[in-house]
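Heads up: the structure comes next, in structure tokens.
The values are calculated or read from the model by the stated rules, or taken from the named source; none is laboratory data. Bear in mind the structure is a predicted one, so any value in this text is a computation, not a measurement. Ideal geometry is used to build each Cβ from the backbone, glycine not excepted, and the neighbour counts take in all protein chains shown.
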Amino acid sequence: MKKLVIVLLATLLVLSAVFAFAACDKSHVITVGASATPHAEILEVIKDVLADEGWKLKIKVFDDYIMPDTALQEGSLDANYFQHTPYLDDFNVNNHTDLVGVAKVHYEPFGLYGKDVSQTQYKASDFAKTGRQIFVPNDGSNLTRALFLLQDEGFITLRSGVKATDTLTLQDITEDNDNEIKDVDAATVATHLHEATAGTLAVINGNYALAANLSASSDALAVENASGDAAQLYANIIAVKKGNENTDKTKALLKALLSKEVYDYINEHYNGAVLPVFTVA
């Protein structure tokens with residue numbers, strides 16, 4: 001009997017140690033939701049850095065712009081990295097969520113791409129900017145950016161007085177020059193372009209262009225101006241649930257992410273399609 005008691009006590013001690021370790025281990029796991037490209041790729045750079053500080057980074061990849069914020073609000077993520085502040089603000093209003101940005105990491109200039117249209121053809125004086133089908137992302141601020149790029153390139157005219165900080169719709173186009181502007185889910189714009197007829201155009205988010213193996217430098221017919229306010233307004237951010245801005249997890253994540261190692265990685269790997277917006281010493 002005494003031997004049985006000893007065995008039971010030993011078993012309980014082992015189980016207690018296992019549970020205690022599991023609880024401790026979970027408390028040192030940082031779970032971040034991200035788009036595959038470039039966000040998850042950038043996060044991979046800091047895994048070892050965080051490990052050296054006693055943290056395990058778990059990256060959960062999403063292929064849409066809705067679930068990463070939903071999961072963050074519900075608590076299955078500690079942070080997410082895929083969006084810019086105007087999109088987050090719009091999401092909070094429309095979904096009654098309480099998420100906040102804690103750091104700006106990088107900027108992805110929007111690009112205008114064409115099906116079987118080269119940069120040389122686009123720059124030719126006889127290139128027609130009328131009568132084309134043009135795909136654009138359909139969500140709030142991304143649609144706004146796309147429409148401003150199309151206006152800058154002479155395809156459409158927008159309602160007088162609109163600003164880049166406004167949330168525009170297709171109804172804000174006052175002159176389409178016989179172009180058919182089709183708004184579709186941002187994740188599908190590159191696919192729509194790929195399946196379209198020759199001469200079709202599309203304005204594609206930087207991360208989705210990268211995922212589709214489209215280069216901003218060699219494939220884009222036009223690129224959103226990266227100088228000035230746009231780079232800050234549309235910088236991709238780390239977001240957390242309100243109240244978690246200064247947790248140990250958030251501090252550790254930001255320290256690792258806003259580093260010279262990440263700064264150099266972005267500049268060396270993306271050829272201008274992704275640009276760091278933070279500074280390093």
Of the numbered conditions (1) part of a loop (DSSP other than H, G, I, E, B); (2) without any contact (Cβ under 8 Å) to a residue 12 or more places away in the chain; (3) of a type outside the set (Ser, Thr, Tyr), residue 273 fails exactly one; give the number of that condition. (2)
Can you confirm whether residue 279 is part of a loop (DSSP other than H, G, I, E, B) and among the hydroxyl-bearing types (Ser, Thr, Tyr)? yes
What number of residues in segment 186-206 are modelled with pLDDT of 95 or more and within 22 Å of residue 63 (Cβ to Cβ)? 12
Which residue out of 268, 261 is at pLDDT 90 or above, farther than 25 Å from residue 29 by Cβ and charged (D, E, K, R)? 268
With respect to the numbered conditions (1) modelled with pLDDT of 95 or more; (2) out of contact with any Ser or Thr (no Cβ under 6 Å at 6 or more places or on another chain), which one is the sole condition not fulfilled by residue 152? (1)
Quick check: anything in segment 157-170 touching a Lys or Arg at 6+ places or on another chain (Cβ under 9 Å), in contact (Cβ under 8 Å) with a residue 24 or more places away in the chain and more than 20 Å from residue 91 (Cα to Cα)? no
Picked from segment 71-102 (must be of a type in the set (Ser, Thr, Tyr) and within 15 Å of residue 238 (Cα to Cα)), the residue modelled with the highest pLDDT is 81
Of the conditions (1) modelled with pLDDT of 90 or more; (2) farther than 21 Å from residue 45 by Cβ; (3) outside the structural domain of residue 57 (by TED's automatic domain parsing), residue 209 satisfies every one except a single condition; which number is it? (2)
Name the single residue, out of those in segment 63-73 being part of a loop (DSSP other than H, G, I, E, B) and not aromatic (Phe, Trp, Tyr), that is farthest from residue 145 (Cα to Cα). 63
Look at residue 191 and say whether it is without any contact (Cβ under 8 Å) to a residue 40 or more places away in the chain and either buried (at least 22 other Cβ atoms within 10 Å of the Cβ) or of a type in the set (Val, Ile, Thr) (or both). yes
Taking segment 74-88 and the residues there that are assigned to a helix (DSSP H, G or I) and in contact with a helix residue (DSSP H, G or I) (Cβ under 8 Å, 6 or more places away or on another chain), the one that is farthest from residue 140 (Cα to Cα) would be 85
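For every residue, the table says whether it meets (1) farther than 30 Å from residue 222 by Cα; (2) crowded, with 20+ Cβ neighbours inside 10 Å.
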{"site": "48", "(1), (2)": "yes, no"}
{"site": "101", "(1), (2)": "no, no"}
{"site": "105", "(1), (2)": "no, yes"}
{"site": "110", "(1), (2)": "no, yes"}
{"site": "116", "(1), (2)": "no, no"}
{"site": "128", "(1), (2)": "no, no"}
{"site": "135", "(1), (2)": "no, yes"}
Of the numbered conditions (1) crowded, with 20+ Cβ neighbours inside 10 Å; (2) outside the structural domain of residue 41 (by TED's automatic domain parsing), residue 197 satisfies every one except a single condition; which is it? (1)
Inside segment 91-150, can you point out the residues that are acidic (Asp, Glu) and at positive phi? 116
